[in-house]
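See below for the structure under consideration.
The values are calculated or read from the model by the stated rules, or taken from the named source; none is laboratory data. Note that the coordinates shown come from a computational prediction; the quantities given were computed from them, not determined experimentally. Glycine gets a Cβ as well: all are built from the backbone with ideal geometry, and neighbour counts include every protein chain shown.
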Ligand code: BES
Ligand code: ZN
């Protein structure tokens with residue numbers, strides 16, 4: 001124990017004196033301490049034949065260093081045709097540039113060298129088929145089958161694969177755009193989307209609020225719009241539009257609850273865009289227009305915490321932004337916490353607690369396999385691809401840390417603190433150190449004797465879970481434990497379990513709690529009784545298939561094959577591929593299915609699965 005405390009202490013001393021002093025985002029080439037982009041104007045044509053966006057970007061510059069004239073931008077797999085710079089008299093000059101060799105993680109540094117401090121730069125360029133931040137779907141790959149679809153996913157460092165930009169969350173800019181598309185398609189962006197925009201292939205956007213490059217977003221497809229309220233509505237292909245409107249009709253309530261807790265929603269409209277099933281995430285908090293996987297349109301609102309989550313980012317993430325990807329927990333931990341507060345108010349505390357327990361179980365699973373360093377909230381990303389360090393840690397450990405503070409201080413002190421935090425840092429990008437200072441001044445020292453800075457530092461800078469970790473318990477789940485035990489002991493029959501009243505959360509808890517060595521007979525019995533192999537709930541199916549792979553219950557294989565071909569959401573498919581890869585037959589099956597599925601996956605998912613099966 002003493003040894004451990006000593007180690008913690010040394011780590012804390014180390015962090016406070018060195019690591020935090022270096023503010024520079026190591027995942028950008030941009031010289032953003034010398035010059036900042038304040039506005040970007042994108043003038044792009046979306047070319048589905050070549051799978052490329054083509055045109056130019058105008059970058060307005062604010063100089064911070066009077067001596068400097070060069071501008072370094074991030075790019076990845078872009079073709080650059082020409083660079084121009086505007087001088088202080090408003091004259092444009094062709095200027096030289098240099099595109100460096102490609103780095104696998106960072107892409108290619110683009111250095112533009114006018115011999116004066118340019119007011120604006122213009123870069124003529126196009127993206128290529130390789131763009132890691134864009135997915136291009138052919139007609140056949142969409143549900144409607146008649147029109148193609150494309151969408152962007154910039155977080156963490158993929159903006160640079162379709163825009164030459166300062167691709168760091170430390171820089172905030174406003175943007176505007178003119179986007180040309182095939183005439184019958186609609187373009188939407190993380191900007192002002194007017195619900196009744198005529199579909200004519202020529203679209204104009206303005207985003208007047210300063211946001212980091214990872215929040216610039218675009219989608220183009222055969223999209224229809226339906227309002228849910230004055231302020232909210234849904235863009236989707238028509239096959240799913242009505243179902244999505246029904247599923248997410250609590251969105252306006254969620255906004256009101258969030259405003260009540262954390263202050264005004266500052267972004268105007270809040271719309272949802274339902275993407276094709278290949279969207280690699282559950283959701284993405286693109287401002288004014290969250291991007292959403294169709295796999296949460298379950299028919300019973302069981303997975304709408306995803307909407308609460310993306311909406312919550314309108315405060316944590318989009319308003320107050322992590323200044324580097326090391327600080328991701330500031331975005332995702334706060335958001336998971338706020339998400340759960342929204343769920344509690346809209347759907348009741350029973351459900352909110354069940355979601356906490358399921359989150360903690362996922363985190364425990366991650367902690368069991370992650371290297372210790374990756375379980376530290378303040379991540380070490382030096383030289384690493386941020387996608388590779390992605391886990392439940394910034395989410396659930398971050399959420400637990402905030403729950404710890406909430407429980408110690410009480411909501412009457414903690415809620416106003418969080419509200420003030422969002423207002424204080426609104427439209428700024430901040431790092432972990434700034435957060436800690438603010439926390440100390442406005443909570444820890446303000447109410448002395450409740451939480452110590454050592455406790456705070458242990459949460460943020462040490463691996464694993466501190467022993468001050470809250471342990472949420474759900475009465476509903478405790479009952480499931482009891483029933484499961486009775487069934488396994490032969491005291492009640494499967495048919496007697498009150499499953500017709502179970503929610504999706506209870507199903508997930510039940511399935512995830514079953515013995516990974518369960519006999520094939522029992523698996524078959526469960527399947528006969530509950531038809532789990534055919535579940536239409538993407539989360540239940542995922543949990544069941546994973547259990548089936550552990551137990552060797554092969555009956556699921558054809559359904560699993562369809563699942564893997566149809567869905568590209570990484571969280572749902574990656575664990576299945578990983579499990580499959582552990583046995584020779586599993587690996588053979590995975591390789592065969594992946595061959596069919598791969599062309600339909602997003603480049604990010606393709607890359608992840610390539611790595612898992614590469615052996
Ligand atoms: N911003 C994230 C997605 C993300 C994080 C993309 C880091 C790239 C790098 C989004 O808000 C998110 O967390 N989505 C989750 C939602 C879930 C926790 C409710 C997802 O996609 O599963
Ligand atoms: Zn998030």
- Message: Quick check on this structure: which one of 365, 383, 398 is surrounded by 15 or more Cβ atoms within 10 Å (Cβ to Cβ) and either more than 16 Å from ligand 2 (Cβ to nearest atom) or assigned to a helix (DSSP H, G or I) (or both)?
- Response: 398
- Query: Do you know which of the residues in the stretch 71-85 that are touching a helix residue (DSSP H, G or I) at 6+ places or on another chain (Cβ under 9 Å) and surrounded by 19 or more Cβ atoms within 10 Å (Cβ to Cβ) is farthest from residue 134 (Cα to Cα)?
  - Reply: 73
- Query: Can residue 277 be described as surrounded by fewer than 24 Cβ atoms within 10 Å (Cβ to Cβ), modelled with pLDDT of 95 or more, under 16 Å from the mean Cα position of the chain (by Cα) and more than 9 Å from ligand 1 (Cβ to nearest atom)?
  - Reply: yes
- Message: It is to be established whether one or more residues within the stretch 162-182 are out of contact with any strand residue (DSSP E or B) (no Cβ under 9 Å at 6 or more places or on another chain), at pLDDT 95 or above, within 21 Å of residue 275 (Cβ to Cβ) and surrounded by fewer than 22 Cβ atoms within 10 Å (Cβ to Cβ).
- Response: no
- If we scan the stretch 305-313, do we find a residue that is more than 13 Å from ligand 1 (Cβ to nearest atom), touching a residue at least 40 places away in the same chain (Cβ under 8 Å) and more than 26 Å from residue 459 (Cβ to Cβ)? no
- Conditions (1) within 25 Å of residue 302 (Cβ to Cβ); (2) loosely packed, with under 14 Cβ neighbours inside 10 Å; (3) in contact (Cβ under 8 Å) with a residue 24 or more places away in the chain -> residue 478 fails only (3)
- Exception for residue 596 within (1) closer than 29 Å to residue 490 by Cβ; (2) assigned to a helix (DSSP H, G or I); (3) more than 16 Å from ligand 1 (Cβ to nearest atom) falls at (1)
- One residue from 300, 271 being at pLDDT 95 or above, away from ligand 1 (no atom under 14 Å from the Cβ) and in contact with a helix residue (DSSP H, G or I) (Cβ under 8 Å, 6 or more places away or on another chain): 300
- Could you run through the stretch 556-586 and say how many residues are more than 26 Å from the chain's Cα centre (by Cα), surrounded by fewer than 14 Cβ atoms within 10 Å (Cβ to Cβ) and part of a helix (DSSP H, G or I)? 3
- Message: So, in the stretch 529-548, how many residues would count as being within 19 Å of residue 483 (Cα to Cα) and over 28 Å from the mean Cα position of the chain (by Cα)?
- Response: 3
- Query: Does residue 589 count as in contact (Cβ under 8 Å) with a residue 12 or more places away in the chain, more than 29 Å from residue 506 (Cβ to Cβ) and surrounded by 14 or more Cβ atoms within 10 Å (Cβ to Cβ)?
  - Reply: yes
- Note on the structure: Checking 404, 422, 414 in turn, the sole residue that is at pLDDT 95 or above, assigned to a helix (DSSP H, G or I), away from ligand 2 (no atom under 16 Å from the Cβ) and touching a helix residue (DSSP H, G or I) at 6+ places or on another chain (Cβ under 6 Å) turns out to be 414
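Rundown of residues vs (1) within 16 Å of residue 291 (Cα to Cα); (2) touching a helix residue (DSSP H, G or I) at 6+ places or on another chain (Cβ under 6 Å); (3) free of Cβ contacts under 8 Å to residues at least 60 places away in the same chain, yes/no style:
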site: 118; (1), (2), (3): no, no, yes
site: 126; (1), (2), (3): no, no, no
site: 131; (1), (2), (3): no, yes, no
site: 136; (1), (2), (3): yes, no, no
site: 143; (1), (2), (3): no, yes, no
site: 149; (1), (2), (3): yes, no, no
site: 170; (1), (2), (3): no, no, no
- Query: Counting only residues that are more than 16 Å from ligand 1 (Cβ to nearest atom) and touching a residue at least 12 places away in the same chain (Cβ under 8 Å), which one in the stretch 247-259 is farthest from residue 224 (Cα to Cα)?
  - Reply: 257
- Got at least one residue in the stretch 316-335 being more than 11 Å from ligand 1 (Cβ to nearest atom) and either free of Cβ contacts under 8 Å to residues at least 12 places away in the same chain or over 26 Å from residue 374 (Cβ atoms) (or both)? yes
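Here is a yes/no grid of residues against (1) under 23 Å from residue 294 (Cα atoms); (2) in contact with a strand residue (DSSP E or B) (Cβ under 9 Å, 6 or more places away or on another chain); (3) part of a helix (DSSP H, G or I):
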position	(1), (2), (3)
495	no, no, yes
505	yes, no, yes
508	yes, no, yes
516	no, no, no
521	no, no, yes
526	no, no, yes
546	yes, no, yes
